[in-house]
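S.K.: Below you will find the structure I want to go over with you.
The values are calculated or read from the model by the stated rules, or taken from the named source; none is laboratory data. Since this is a predicted model, take the numbers as computed values, not measurements. Glycine also receives a Cβ, built like all others from the backbone with ideal geometry; neighbour counts cover every protein chain displayed. The protein model used for the area step is the full one, side chains on, heavy atoms only, and it has no ligands, DNA or RNA in it. Shrake-Rupley method; radii C 1.70, N 1.55, O 1.52, S 1.80 Å.
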Amino acid sequence: MGFLASKVEVKTVFSDLLPKNHPYVAVNQKFKSTFGGSNLVTIMVETEKGDIFNENVLSKVQKLTVGLQQVNGIDTYQIISIASKKIKEVRASTEGVETKPIMWPELPKDAEAMAKLRAAVLNNTLVYGPYVSMDLKATLITADFRDGEIDYSKAFSEIMAQVKDATSPGVKIRVVGEPVLYGWVNFYLDETIRIFFAAIASLVIILLLITRTWHGTLLPLLAGSISAIWALGAARLMGFHLDPLVIVVAFLITAQAISNSVQLISRYDDEIVKGAKTSTQAAIASAQNLFKPSMLAIVADAGCVLVVALTPIPMLEKISYIGTVWIFSIIVSALIMTPVMLSWVKPRVHFVHPINIRPILEAILTVCAKVVTTKARFVVLALALFVFVISGWYAFNLKVGDANPGSPILWPNSSYNTDATDINRQFQGSDRMFVVVAGKEKGSLREPEVLSSMTNFQRYMESQPEVGGSISVADILPQVRRALREGNPMYQELGNDTNENAELTYMFVAGSDPGDMDRYQDADAKNGAVTLFFRDHQGETIRTAIARVQDYVKQNPIKHGDYLLAGGLVGVLAAVNEVILAGQIEAIALALLVLVVCCTVCYRSTVAGVFFMIPVMLSNTITFSYMAWAGIGMNINTLPVVALGIGLGVDYTFYIVDGIREELHHSSDVEAAILTSLRSAGRGVLITALTLITSVGLWSFSSVRLQADMGLLIALWLSISAFSALFIMPAIVFVFRPGFIVGNKRHPIERADSALAV
């Protein structure tokens with residue numbers, strides 16, 4: 001497994017982010033090679049002085065346009081700029097109609113040629129605005145990739161090398177797009193790995209500080225290492241890779257293995273203190289006493305993660321399968337391996353350093369005991385109920401999809417997000433969505449009804465503030481018609497009939513290369529695209545746009561065609577958001593159901609299922625409300641953490657409750673049982689929580705914001721889980737005395753335990 005684990009690739013595959021069998025994705029896949037896919041890269045060249053119409057700026061635009069053709073996986077037919085052959089102008093004179101590139105193949109040679117270029121740009125609405133900024137200080141270069149051939153790391157390094165080479169004083173170059181975004185993520189991979197090992201190192205240091213023994217430090221690390229190796233080896237066997245964005249999830253599952261091992265070691269040390277004659281006896285006792293809560297925690301966690309696979313997104317399915325194997329491997333790495341290793345440890349207590357913080361832990365546990373067994377417990381329960389209600393109400397503000405402008409994967413002040421802000425400030429928007437107008441027969445796009453509908457649709461969509469602009473074949477034909485009338489703007493309108501529109505189209509493409517019209521319509525004029533430019537891709541922006549498209553289509557049907565949603569990056573994100581929105585409640589409900597079933601079967605009581613829901617519901621409402629407050633959206637990257645968090649919210653409670661039940665086998669004093677459980681199982685909970693929360697905090701230093709956010713979410717979940725296990729749940733046991741824990745007249749605890757043992 002170690003050999004196989006070493007062969008696992010750490011990379012991002014964009015196709016894994018696309019939902020299966022979603023109509024938007026189907027439209028994107030069918031038309032992406034024509035109208036542009038979701039891997040579009042946008043480069044803005046901006047001058048700090050004057051305008052772009054000078055040799056220094058235009059030469060850089062030309063150099064980048066030509067250089068992009070050498071980038072790995074790029075579609076050379078989808079590189080568009082004022083220096084490319086794709087952007088043209090129509091000129092009409094007594095000699096005829098001529099369509100030629102606006103600035104290709106050479107730069108303007110003199111001031112007169114430069115003035116003509118400037119005039120051509122200002123008179124062409126297909127260029128002035130979409131590709132040259134309104135203040136004439138910036139221009140865009142766009143390039144698309146062939147999805148199946150793109151290597152994000154290689155493409156990113158090649159693009160950034162060209163950008164660096166073209167950058168000079170007085171000229172700024174901005175770059176955005178999914179290949180660049182995931183290229184930045186891969187760029188920070190070395191840092192991510194360093195943080196991962198730093199977090200593991202902090203685990204070792206904290207465990208050594210608290211336990212003061214080598215077996216208390218190294219055996220949990222051994223358990224975590226074995227689980228990680230087995231899981232990654234299994235991932236290789238299944239043909240899966242590891243996405244760098246979910247490494248925090250991998251760390252969390254490794255921490256779960258460490259947590260189970262710490263509980264066993266803590267119990268082992270208690271058995272030695274109680275007078276176990278040999279290490280083997282102490283190891284057997286710890287394994288027997290903690291097997292049930294440990295196994296329950298593992299099965300519940302695995303079930304919650306497996307539920308994620310029901311979301312029809314390949315990336316989430318792979319994470320789910322790898323995570324499930326990872327969690328189940330804890331049975332061997334911790335529940336079996338740790339007691340085996342403990343059986344060889346010398347029973348005498350030998351501390352490896354003189355620092356003793358155990359009195360601090362005991363003081364904390366004493367506070368827990370006093371709160372639980374005095375009237376303060378009612379204050380705790382009332383406060384928990386109040387927090388649950390308030391956080392549950394505020395959690396409804398949680399947004400599905402991206403909650404902020406720019407990319408939530410990187411920090412707002414990252415170069416990528418600042419570049420996106422500058423491009424959106426100067427242009428119509430760097431994020432695109434195309435809506436396909438699918439005609440019913442060849443030539444449908446020449447019908448005046450269809451073209452008029454497209455024009456009205458563009459105006460309707462542009463009234464949404466986040467939509468900066470749009471473009472379609474309906475914008476081209478009026479430009480040609482105007483040119484035929486000596487540039488008179490009165491004639492800038494569509495043709496009067498199908499034949500005239502066909503002639504205008506022919507004039508535009510005459511003398512051009514094959515494929516020049518592809519981003520507007522296909523060769524048969526049957527299918528066309530209306531491309532919308534968005535200033536951001538927040539979840540609310542996308543949902544509003546999709547709703548507006550559907551509203552327009554419903555109210556304005558066309559005889560010769562249909563509108564099809566939706567392609568491009570925004571179209572794909574709309575599909576992802578819809579799948580998550582439809583599936584998040586289902587996934588959470590199923591995860592909770594898995595937890596209830598596990599608890600009900602284990603304790604043979606439906607009350608147990610409801611009882612263990614309490615810390616889960618509390619941790620989830622608080623965490624969701626924090627996500628809403630912090631602007632962290634529910635998206636494809638945070639969903640696995642949310643599902644795993646359901647299991648995290650209750651793990652610690654299993655150990656406390658089982659400790660109470662165990663003590664009640666020897667005494668009927670509930671208060672004494674709670675105090676004993678807090679001082680034994682509670683110490684393991686406290687050690688594990690302090691260790692994991694501290695180590696998870698290191699992720700806040702990541703340059704990848706998503707990893708830092710997930711680290712904070714995990715730390716929050718662990719904190720609430722530990723607080724619930726040490727304060728809230730023992731208080732509930734003390735006040736309400738649930739029968740499956742303390743027994744009742746019908747089923748005394750001894751009889752219930754005997755039944756379970758059978």
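S.K.: Let me know the charge dipole size of the chain about its Cα centre in debye, to the nearest 20, where only the beta-carbon of Lys, Arg (+1) and Asp, Glu (-1) is charged. The partial results should precede the final answer.
M.R.: Numbers: 62 positive and 65 negative charges, 487 e Å.
My answer is approximately 2340 debye.
S.K.: Give me the compactness ratio for the range 647-705, meaning the Cα radius of gyration over 2.2 N^0.38 Å. Don't skip to the answer; put the middle values down first.
M.R.: On the way: Rg = 15.8 Å, N = 59, 2.2 N^0.38 = 10.4 Å.
Dividing the Cα Rg of the range 647-705 by 2.2 N^0.38 Å gives 1.53.
S.K.: Would you be so kind as to identify which of Pro478, Leu410, Val509 lies farthest towards the positive end of the dipole of the range 388-545, taking Lys and Arg as +1 and Asp and Glu as -1 on Cβ and the Cα centre as origin?
M.R.: With unit charges placed on the Cβ atoms, the residue in question is Leu410.
S.K.: Another one. Over the residues of the range 471-629, compute the C-alpha Rg and express it relative to 2.2 N^0.38 Å.
M.R.: Values: Rg = 26.7 Å, N = 159, 2.2 N^0.38 = 15.1 Å.
Here the answer is 1.77, to two decimals.
S.K.: Let me ask you something else. What does the accessible area of Tyr321 come to, in Å² to the nearest 10, when a probe of 1.4 Å is used?
M.R.: 90
S.K.: Output the relative contact order of the chain, whole-number percent, from Cα pairs under 8 angstrom with separation of 6+ residues.
M.R.: Values: 1299 pairs, mean separation 146.4, N = 758.
Contact order relative to length: 19 percent.
S.K.: Let me cross-check Asp709: its accessible surface, 1.4 Å probe, with only protein heavy atoms counted, in Å² to the nearest 10?
M.R.: Number for this one is 20 Å².
S.K.: Could you compute how fast the range 444-527 diffuses translationally, taking Rh as the Kirkwood radius over C-alpha pairs and applying Stokes-Einstein at 25 °C with viscosity 0.890 mPa s? Give it in µm² per second.
M.R.: Details: Rh = 13.5 Å.
D = 182 µm²/s.
S.K.: Step through the residues of the range 441-446 one at a time and calculate ³J(HN,Hα) from phi using the Karplus curve (6.51 cos²θ - 1.76 cosθ + 1.60, θ = phi - 60°), rounding each to whole Hz and writing x for Gly and Pro.
M.R.: 7, 4, x, 4, 6, 8
S.K.: Let me ask another. How far is helix 358-373 tilted, in degrees, relative to the longest principal axis of the Cα atoms in the chain, given as a value from 0 to 90 rounded to the nearest 10?
M.R.: 90
S.K.: Note down the accessible area of Met710, probe 1.4 Å, to the nearest 10 Å².
M.R.: 0
S.K.: About its Cα centre, how strong a charge dipole does the range 456-507 have in debye, to the nearest 20, once Lys and Arg get +1 and Asp and Glu get -1 at the Cβ? Don't jump to the answer; show the numbers that get you there.
M.R.: Working: 4 positive and 8 negative charges, 20 e Å.
Here the size comes out at about 100 debye.
S.K.: Which one, Thr99, Val180, Met114, projects farthest toward the positive side of the charge dipole computed for the range 73-198 from Cβ point charges (K/R +1, D/E -1)?
M.R.: Met114
S.K.: Dividing the alpha-carbon radius of gyration of the range 235-352 by 2.2 N^0.38 Å (N being the number of residues), what value is obtained? Let's see the in-between values first.
M.R.: Working: Rg = 17.2 Å, N = 118, 2.2 N^0.38 = 13.5 Å.
Here the answer is 1.28, to two decimals.
S.K.: How much of the accessible area of the chain, probe 1.4 Å, is carbon plus sulfur, in whole percent?
M.R.: 60
S.K.: Continuing with this model, one more query. Give me the lysines in straight-line cross-link reach of Lys7: C-alpha distance below 23 Å, same-chain residues under 8 apart excluded.
M.R.: In chain and number order, the partners are Lys154, Lys318.
S.K.: Also, I was wondering about something else. With point charges of +1 on the Cβ of Lys and Arg and -1 on the Cβ of Asp and Glu, referenced to the Cα centre of the chain, which listed residue (Gly495, Val61, Leu639) lies farthest in the positive direction of the dipole?
M.R.: Leu639
S.K.: Calculate the length of the line joining the C-alpha centroid of the range 210-271 to that of the range 609-673, in whole Å.
M.R.: About 20 Å separates the Cα centre of the range 210-271 from the one of the range 609-673.
S.K.: For the chain, what does the helix formula give at 222 nm: sum of -39500 (n - 2.57) over DSSP H segments with n ≥ 4, over the residue count, nearest 500 deg cm²/dmol? Spell out each step's value before the answer.
M.R.: Working: 28 runs with 447 residues, N = 758.
-19500 deg cm²/dmol, from helical runs alone.
S.K.: When ligands, DNA and RNA are left out and all protein chains stay put, how many square angstrom of accessible area per residue does the range 1-151 have with a 1.4 Å probe?
M.R.: On the way: 6890 Å² over 151 residues.
Here the per-residue accessible area is 46 Å².
S.K.: Once the other residues with Cβ under 12 Å from the Cβ of Asp419 are scored (Lys, Arg +1; Asp, Glu -1), what is the net sum? Intermediate results must be reported in sequence, preceding the final value.
M.R.: On the way: positive: Lys172, Arg174, Arg425; negative: Glu46, Asp422.
With Lys, Arg at +1 and Asp, Glu at -1, the net is +1.
S.K.: Helix 279-306 versus the longest principal axis of the chain: what is the Cα-based angle in degrees, 0 to 90, to the nearest 10?
M.R.: Helix 279-306 sits roughly 30 degrees off the main axis of the chain.
S.K.: Hey, another quick one. If Lys and Arg each add +1 and Asp and Glu each add -1, what is the summed charge of the other residues whose beta carbon sits under 13 Å from the beta carbon of Thr167? Let's see the in-between values first.
M.R.: Values: positive: Lys60, Lys63, Lys164, Lys172, Arg174; negative: Glu46, Glu48, Asp165, Asp419.
After counting each charged neighbour, the total is +1.
S.K.: How do Arg543, Arg425 rank by accessible surface area computed with a 1.4 Å probe, from largest to smallest? Kindly include the intermediate steps, with their values, before the conclusion.
M.R.: Details: Arg543 75, Arg425 140 Å².
Sorted descending by solvent-accessible area, the residues read Arg425, Arg543.
S.K.: Please report the Cα spread of the range 177-286 along all three principal axes, rounded to whole Å, starting with the longest.
M.R.: Computed over the range 177-286, the largest-to-smallest principal extents equal 65, 31, 14 Å.
S.K.: In vacuum, with every alpha carbon of the range 19-145 counted as one equal point scatterer, what does the Debye formula give for log10 I(q)/I(0) at q = 0.10, 0.12, 0.14, 0.18 Å⁻¹? Two decimals, please.
M.R.: -0.37, -0.52, -0.67, -0.99
S.K.: Now a separate question. Provide the per residue accessible area, probe 1.4 Å, for the range 441-521, rounded to a whole number of square angstrom.
M.R.: On the way: 3730 Å² over 81 residues.
Accessible surface, normalised per residue, equals 46 Å².
S.K.: Oh, and also: Can you return the lysines within cross-link range of Lys442? Criterion is Cα-Cα under 16 Å, with same-chain partners fewer than 8 residues away left out.
M.R.: Within the straight-line cut-off, Lys442 pairs with Lys526, Lys559.
S.K.: With a point put 7 Å past each Cα toward its Cβ, work out how far Asp669 is from Leu310 in nm, to one decimal.
M.R.: Once both label points are built, they end up 4.6 nm from each other.
S.K.: Dividing the Cα radius of gyration by the Kirkwood radius, what Rg/Rh value follows for the chain?
M.R.: Values: Rg = 31.8 Å, Rh = 29.1 Å.
Ratio of gyration radius to Kirkwood radius for the chain: 1.09.
S.K.: Let me spell out the model: positive unit charges on the Cβ of Lys and Arg, negative unit charges on the Cβ of Asp and Glu, origin at the Cα centre of the range 299-405. What dipole size does that give, in debye rounded to 20? Don't skip to the end; give the middle numbers.
M.R.: Values: 8 positive and 4 negative charges, 106 e Å.
Roughly 520 debye, rounded to the nearest 20.
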